[in-house]
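Asks: What follows is a structure written as C-alpha coordinates; I'll ask about it next.
The values are calculated or read from the model by the stated rules, or taken from the named source; none is laboratory data. Here the structure is a predicted model, which is why all the values come from computation and not from measurement. Reconstructed Cβ throughout: ideal geometry from the backbone, glycine too, with neighbour counts over all protein chains shown. Quick note on the areas: whole protein, heavy atoms, side chains included, nothing else; ligands and nucleic acids left out. Shrake-Rupley method; radii C 1.70, N 1.55, O 1.52, S 1.80 Å.
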Amino acid sequence: MSLLEVREVTIRFRDATQGAGSALRTAVDRVSLTLDRGTSLGLVGESGSGKTTLGKALLRLLPIDGGEILFEGQSLAGLRGGDLKRFRRRAQMIFQDPMGALDPRQTVGSALDEVLAVHRLIPRERRPARIAELLGQVGLESRQATRYPHEFSGGQRQRVGIARALALEPELLIADEPVSALDVSVQAQILNLLADLQAQLGFACLFIAHDLAVVRYLCPRVAVMCRGQIVESGTTETVFSSPQHPYTAQLLAAVPDVQAALEEGRARRG
Ligand SMILES: Nc1ncnc2c1ncn2[C@@H]1O[C@H](COP(=O)(O)OP(=O)(O)OP(=O)(O)O)[C@@H](O)[C@H]1O
Ligand SMILES: [Mg+2]
(Lines give C-alpha, C1' and ligand atoms only; values in the text may rest on other atoms or scores of the structure.)
(Ligands and ions follow the chains in the order given, each with its own letter.)
Protein backbone atom coordinates (compact mmCIF):
# COMPACT_ATOMS: atom_id res chain seq x y z
CA MET A 1 0.00 0.00 0.00
CA SER A 2 1.29 3.48 -0.85
CA LEU A 3 1.76 5.97 1.96
CA LEU A 4 -0.21 8.52 -0.03
CA GLU A 5 -2.62 7.95 -2.85
CA VAL A 6 -4.33 10.80 -4.63
CA ARG A 7 -7.22 9.83 -6.87
CA GLU A 8 -8.71 12.27 -9.35
CA VAL A 9 -8.63 15.19 -6.95
CA THR A 10 -10.34 18.39 -8.03
CA ILE A 11 -10.29 21.70 -6.17
CA ARG A 12 -12.22 24.79 -7.24
CA PHE A 13 -12.20 28.38 -6.06
CA ARG A 14 -14.78 31.04 -6.62
CA ASP A 15 -13.31 33.61 -8.96
CA ALA A 16 -13.32 36.81 -6.91
CA THR A 17 -12.81 38.98 -10.00
CA GLN A 18 -16.24 37.93 -11.26
CA GLY A 19 -18.25 39.04 -8.21
CA ALA A 20 -20.60 37.07 -5.99
CA GLY A 21 -22.36 33.99 -7.33
CA SER A 22 -19.83 33.86 -10.12
CA ALA A 23 -18.14 30.99 -11.89
CA LEU A 24 -15.82 28.59 -10.11
CA ARG A 25 -12.22 28.32 -11.25
CA THR A 26 -10.63 24.90 -11.21
CA ALA A 27 -7.22 25.15 -9.51
CA VAL A 28 -6.59 21.40 -9.34
CA ASP A 29 -8.15 19.28 -12.05
CA ARG A 30 -8.52 15.50 -11.54
CA VAL A 31 -4.99 15.00 -10.24
CA SER A 32 -3.83 11.49 -9.41
CA LEU A 33 -0.50 10.50 -7.91
CA THR A 34 1.02 8.07 -5.45
CA LEU A 35 3.88 8.38 -3.02
CA ASP A 36 5.50 5.35 -1.42
CA ARG A 37 7.06 5.31 2.03
CA GLY A 38 10.48 6.91 2.21
CA THR A 39 10.48 8.06 -1.42
CA SER A 40 10.44 11.51 -3.01
CA LEU A 41 8.25 12.87 -5.73
CA GLY A 42 8.94 16.21 -7.33
CA LEU A 43 5.98 18.36 -8.30
CA VAL A 44 6.93 21.07 -10.75
CA GLY A 45 4.99 23.66 -12.68
CA GLU A 46 4.77 27.36 -13.30
CA SER A 47 3.27 29.87 -10.94
CA GLY A 48 -0.47 29.38 -10.53
CA SER A 49 -0.50 25.80 -11.82
CA GLY A 50 -2.04 24.55 -8.55
CA LYS A 51 0.95 23.06 -6.70
CA THR A 52 0.42 24.76 -3.34
CA THR A 53 -3.32 24.20 -3.49
CA LEU A 54 -2.76 20.49 -4.02
CA GLY A 55 -0.08 20.37 -1.30
CA LYS A 56 -2.39 21.97 1.25
CA ALA A 57 -5.22 19.62 0.35
CA LEU A 58 -2.89 16.65 0.91
CA LEU A 59 -2.52 17.79 4.52
CA ARG A 60 -6.24 18.45 4.78
CA LEU A 61 -5.64 22.16 5.14
CA LEU A 62 -8.07 22.75 2.25
CA PRO A 63 -11.26 20.90 1.32
CA ILE A 64 -11.44 19.06 -2.00
CA ASP A 65 -14.37 19.20 -4.43
CA GLY A 66 -13.86 15.85 -6.07
CA GLY A 67 -11.81 12.69 -5.85
CA GLU A 68 -10.15 11.16 -2.85
CA ILE A 69 -6.94 11.38 -0.84
CA LEU A 70 -5.82 8.24 0.97
CA PHE A 71 -3.12 8.17 3.64
CA GLU A 72 -2.15 4.57 4.34
CA GLY A 73 -5.35 3.58 2.60
CA GLN A 74 -7.56 5.76 4.80
CA SER A 75 -9.52 8.62 3.31
CA LEU A 76 -8.51 11.99 4.75
CA ALA A 77 -12.06 13.25 4.40
CA GLY A 78 -13.25 10.86 7.10
CA LEU A 79 -10.62 11.67 9.73
CA ARG A 80 -11.95 13.09 13.00
CA GLY A 81 -10.74 13.73 16.53
CA GLY A 82 -7.80 11.59 17.60
CA ASP A 83 -7.33 10.16 14.10
CA LEU A 84 -7.07 13.65 12.63
CA LYS A 85 -4.59 14.69 15.32
CA ARG A 86 -2.45 11.62 14.63
CA PHE A 87 -2.52 12.42 10.93
CA ARG A 88 -1.46 16.02 11.67
CA ARG A 89 1.56 14.64 13.47
CA ARG A 90 2.47 12.23 10.70
CA ALA A 91 2.27 14.69 7.81
CA GLN A 92 4.12 18.02 7.92
CA MET A 93 4.84 20.91 5.60
CA ILE A 94 7.73 23.29 5.06
CA PHE A 95 7.23 26.55 3.24
CA GLN A 96 9.10 28.96 1.02
CA ASP A 97 8.99 31.51 3.82
CA PRO A 98 9.64 29.78 7.14
CA MET A 99 8.63 32.99 8.95
CA GLY A 100 5.04 32.08 8.08
CA ALA A 101 5.24 29.04 10.35
CA LEU A 102 7.22 30.79 13.11
CA ASP A 103 5.96 33.27 15.67
CA PRO A 104 8.35 36.27 15.67
CA ARG A 105 7.85 36.75 19.43
CA GLN A 106 8.77 33.21 20.31
CA THR A 107 12.32 31.85 20.61
CA VAL A 108 13.13 28.96 18.35
CA GLY A 109 13.53 26.67 21.35
CA SER A 110 10.14 27.57 22.71
CA ALA A 111 8.53 27.08 19.28
CA LEU A 112 10.00 23.58 19.08
CA ASP A 113 8.99 22.88 22.67
CA GLU A 114 5.43 23.87 21.88
CA VAL A 115 5.24 21.46 18.96
CA LEU A 116 6.53 18.63 21.13
CA ALA A 117 4.18 19.57 23.97
CA VAL A 118 1.03 19.69 21.85
CA HIS A 119 1.52 16.17 20.61
CA ARG A 120 2.82 14.86 23.96
CA LEU A 121 5.42 12.70 22.30
CA ILE A 122 8.09 13.30 24.90
CA PRO A 123 7.86 14.04 28.64
CA ARG A 124 8.62 17.63 29.57
CA GLU A 125 11.98 16.89 31.21
CA ARG A 126 13.31 15.24 28.08
CA ARG A 127 12.24 18.00 25.70
CA PRO A 128 15.34 20.25 26.06
CA ALA A 129 17.55 17.35 24.98
CA ARG A 130 15.25 16.62 22.06
CA ILE A 131 15.31 20.29 21.01
CA ALA A 132 19.11 20.27 21.10
CA GLU A 133 19.12 17.10 19.04
CA LEU A 134 16.73 18.61 16.47
CA LEU A 135 18.82 21.75 16.10
CA GLY A 136 21.91 19.59 15.67
CA GLN A 137 20.19 17.53 12.99
CA VAL A 138 19.57 20.64 10.89
CA GLY A 139 23.09 21.99 11.40
CA LEU A 140 22.35 24.59 14.07
CA GLU A 141 23.80 24.83 17.56
CA SER A 142 21.77 24.04 20.64
CA ARG A 143 22.58 27.43 22.19
CA GLN A 144 20.71 29.03 19.26
CA ALA A 145 17.48 27.79 20.87
CA THR A 146 17.30 31.04 22.81
CA ARG A 147 17.24 33.17 19.66
CA TYR A 148 14.26 34.67 17.89
CA PRO A 149 13.48 33.94 14.22
CA HIS A 150 14.64 37.37 13.01
CA GLU A 151 18.09 36.71 14.47
CA PHE A 152 18.73 33.99 11.90
CA SER A 153 19.76 34.25 8.25
CA GLY A 154 17.30 33.08 5.60
CA GLY A 155 19.06 29.74 5.25
CA GLN A 156 19.22 29.24 9.02
CA ARG A 157 15.56 30.12 9.30
CA GLN A 158 14.72 27.46 6.78
CA ARG A 159 16.76 25.04 8.91
CA VAL A 160 14.55 25.99 11.85
CA GLY A 161 11.48 25.40 9.67
CA ILE A 162 12.81 21.95 8.84
CA ALA A 163 13.54 21.18 12.50
CA ARG A 164 10.00 22.20 13.38
CA ALA A 165 8.52 19.99 10.66
CA LEU A 166 10.67 17.03 11.65
CA ALA A 167 10.19 17.40 15.40
CA LEU A 168 7.29 14.95 15.35
CA GLU A 169 9.06 12.41 13.15
CA PRO A 170 6.57 12.68 10.28
CA GLU A 171 6.24 10.03 7.62
CA LEU A 172 5.23 12.57 5.00
CA LEU A 173 6.87 15.92 4.36
CA ILE A 174 5.45 18.39 1.89
CA ALA A 175 8.16 20.87 0.97
CA ASP A 176 6.61 23.81 -0.88
CA GLU A 177 9.38 25.71 -2.67
CA PRO A 178 11.59 25.48 0.42
CA VAL A 179 14.63 27.00 -1.28
CA SER A 180 13.26 29.37 -3.88
CA ALA A 181 13.66 32.45 -1.66
CA LEU A 182 17.31 31.66 -0.89
CA ASP A 183 20.65 32.45 -2.55
CA VAL A 184 21.82 29.78 -4.94
CA SER A 185 24.71 28.64 -2.69
CA VAL A 186 22.36 28.45 0.30
CA GLN A 187 19.79 26.58 -1.81
CA ALA A 188 22.34 23.84 -2.38
CA GLN A 189 23.08 23.57 1.36
CA ILE A 190 19.42 23.24 2.24
CA LEU A 191 18.76 20.68 -0.49
CA ASN A 192 21.75 18.65 0.66
CA LEU A 193 20.44 18.83 4.21
CA LEU A 194 17.01 17.59 3.14
CA ALA A 195 18.58 14.72 1.20
CA ASP A 196 20.71 13.71 4.20
CA LEU A 197 17.79 13.94 6.61
CA GLN A 198 15.58 11.89 4.36
CA ALA A 199 18.23 9.17 4.11
CA GLN A 200 18.61 9.22 7.87
CA LEU A 201 14.97 9.51 8.94
CA GLY A 202 13.14 7.84 6.09
CA PHE A 203 10.22 10.23 5.54
CA ALA A 204 8.49 10.44 2.18
CA CYS A 205 8.70 13.84 0.51
CA LEU A 206 6.56 15.70 -1.98
CA PHE A 207 8.91 18.37 -3.18
CA ILE A 208 7.22 21.32 -4.88
CA ALA A 209 9.34 23.56 -7.10
CA HIS A 210 9.23 25.81 -10.13
CA ASP A 211 12.23 24.31 -11.81
CA LEU A 212 13.30 20.81 -12.62
CA ALA A 213 16.97 21.31 -11.73
CA VAL A 214 16.20 21.44 -8.01
CA VAL A 215 13.85 18.49 -8.15
CA ARG A 216 16.29 16.41 -10.17
CA TYR A 217 18.71 16.27 -7.30
CA LEU A 218 16.26 15.05 -4.67
CA CYS A 219 13.55 13.15 -6.48
CA PRO A 220 13.77 9.94 -8.50
CA ARG A 221 10.27 10.66 -9.81
CA VAL A 222 8.64 13.84 -10.98
CA ALA A 223 5.17 15.05 -11.97
CA VAL A 224 4.71 18.14 -14.10
CA MET A 225 1.69 20.29 -13.37
CA CYS A 226 0.18 22.74 -15.83
CA ARG A 227 -3.07 24.63 -15.25
CA GLY A 228 -4.25 22.30 -12.54
CA GLN A 229 -3.46 19.07 -14.36
CA ILE A 230 -0.55 16.66 -14.28
CA VAL A 231 0.54 16.71 -17.90
CA GLU A 232 3.52 14.41 -17.56
CA SER A 233 5.06 12.17 -14.92
CA GLY A 234 7.68 9.48 -14.67
CA THR A 235 11.22 8.91 -13.52
CA THR A 236 13.11 12.18 -13.34
CA GLU A 237 15.72 10.67 -15.63
CA THR A 238 13.19 9.98 -18.39
CA VAL A 239 11.30 13.23 -18.04
CA PHE A 240 14.61 15.09 -18.18
CA SER A 241 16.08 13.28 -21.13
CA SER A 242 12.96 13.11 -23.26
CA PRO A 243 10.20 15.46 -22.17
CA GLN A 244 6.93 14.49 -23.84
CA HIS A 245 5.03 17.69 -23.18
CA PRO A 246 6.12 21.06 -24.65
CA TYR A 247 5.48 22.64 -21.27
CA THR A 248 8.03 20.32 -19.64
CA ALA A 249 10.64 21.27 -22.21
CA GLN A 250 10.05 24.90 -21.31
CA LEU A 251 10.61 24.21 -17.62
CA LEU A 252 13.82 22.35 -18.39
CA ALA A 253 15.51 25.56 -19.38
CA ALA A 254 15.62 26.79 -15.77
CA VAL A 255 18.50 27.52 -13.36
CA PRO A 256 21.58 25.58 -14.41
CA ASP A 257 23.59 27.36 -11.68
CA VAL A 258 21.70 25.59 -8.90
CA GLN A 259 22.63 22.29 -10.49
CA ALA A 260 26.30 23.31 -10.62
CA ALA A 261 26.27 24.41 -6.98
CA LEU A 262 24.70 21.12 -5.95
CA GLU A 263 27.24 19.04 -7.76
CA GLU A 264 30.04 21.04 -6.22
CA GLY A 265 28.56 20.52 -2.75
CA ARG A 266 28.13 16.83 -3.40
CA ALA A 267 31.72 16.47 -4.56
CA ARG A 268 32.96 18.28 -1.45
CA ARG A 269 30.99 15.96 0.80
CA GLY A 270 32.41 12.96 -1.06
N1 LIG B 1 -7.73 30.81 -1.50
C2 LIG B 1 -7.87 30.98 -2.82
N3 LIG B 1 -8.95 31.60 -3.34
C4 LIG B 1 -9.13 31.76 -4.67
N5 LIG B 1 -8.24 31.32 -5.59
C6 LIG B 1 -7.14 30.71 -5.15
C7 LIG B 1 -6.89 30.51 -3.75
N8 LIG B 1 -5.70 29.85 -3.60
C9 LIG B 1 -5.24 29.66 -4.86
N10 LIG B 1 -6.08 30.15 -5.78
C11 LIG B 1 -5.91 30.09 -7.25
O12 LIG B 1 -5.63 28.76 -7.60
C13 LIG B 1 -4.65 28.70 -8.63
C14 LIG B 1 -3.47 27.84 -8.17
O15 LIG B 1 -2.78 28.52 -7.15
P16 LIG B 1 -1.54 27.86 -6.38
O17 LIG B 1 -1.14 28.79 -5.30
O18 LIG B 1 -1.90 26.49 -6.00
O19 LIG B 1 -0.44 27.82 -7.52
P20 LIG B 1 1.10 27.41 -7.42
O21 LIG B 1 1.34 26.40 -8.47
O22 LIG B 1 1.43 27.02 -6.02
O23 LIG B 1 1.84 28.76 -7.80
P24 LIG B 1 3.26 29.35 -7.28
O25 LIG B 1 4.31 28.62 -8.05
O26 LIG B 1 3.20 30.79 -7.65
O27 LIG B 1 3.36 29.14 -5.80
C28 LIG B 1 -4.29 30.13 -8.94
O29 LIG B 1 -5.02 30.54 -10.04
C30 LIG B 1 -4.70 30.87 -7.70
O31 LIG B 1 -5.03 32.20 -8.01
MG1 LIG C 1 2.76 27.78 -4.60
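Asks: So, with a 1.4 angstrom probe, what is the percent of accessible area on the chain that is carbon and sulfur?
Replies: Exposed carbon and sulfur together represent 47 percent of the surface.
Asks: Quick one: net charge around Ala204, please, counting Lys, Arg +1 and Asp, Glu -1 for every other residue with C-beta under 14 Å from its C-beta.
Replies: Working: positive: Arg37, Arg90, Arg221; negative: Glu5, Asp36, Glu72, Glu169, Glu171.
Within the 14 Å Cβ shell, the charges total -2.
Asks: Right, something else. Once both labels are modelled 7 Å past Cα along the beta-carbon direction, what's the His150-Leu61 spacing in nm?
Replies: 2.4
Asks: First measure r as the distance between the Cβ atoms of Arg30 and Ala199, then evaluate 1/(1 + (r/R0)^6) with R0 = 22 Å and state the FRET efficiency to the nearest 0.05.
Replies: The formula returns an efficiency of 0.05 here.
Asks: Rounded to the nearest 0.05, what FRET efficiency do Leu121 and Glu68 have when you use their Cβ-Cβ distance and R0 = 22 Å? Display every interim value, and only then the final one.
Replies: Working: r = 29 Å, r/R0 = 1.33.
For Leu121 and Glu68, the calculated efficiency is 0.15.
Asks: From the square roots a ≥ b ≥ c of the eigenvalues of the alpha-carbon gyration tensor of the chain, which class results: rounded (a/c under 1.5), prolate (a/b over b/c), or oblate?
Replies: Judged from the Cα gyration tensor, the chain comes out oblate (a/c at least 1.5, b/c at or above a/b).
Asks: Rounded to the nearest 5, what % of the DSSP beta bridges within the chain are antiparallel ones?
Replies: On the way: 21 of 39 bridges.
That works out to approximately 55 percent antiparallel.
Asks: Next question. Testing the spin-label approximation: label points 7 Å from Cα along Cα→Cβ at Thr10 and Asp183. State their distance in nm.
Replies: About 4.7 nm, to one decimal.
Asks: Please calculate the 1.4 Å probe accessible area of Ile230, with all protein chains present, and give it to the nearest 10 Å².
Replies: The value for Ile230 is about 50 Å².
Asks: OK, next. Gap in Å between the Cα centre of the range 7-66 and the Cα centre of the range 114-180?
Replies: With the range 114-180 and the range 7-66 each reduced to a Cα centre, they are spaced 28 Å.
Asks: Right, next: Return the sequence-ordered ³J(HN,Hα) values of the range 81-95 in whole Hz as given by the Karplus equation 6.51 cos²θ - 1.76 cosθ + 1.60 applied to θ = phi - 60°, using x for Gly and Pro.
Replies: x, x, 5, 5, 5, 4, 4, 4, 6, 7, 10, 10, 10, 10, 10
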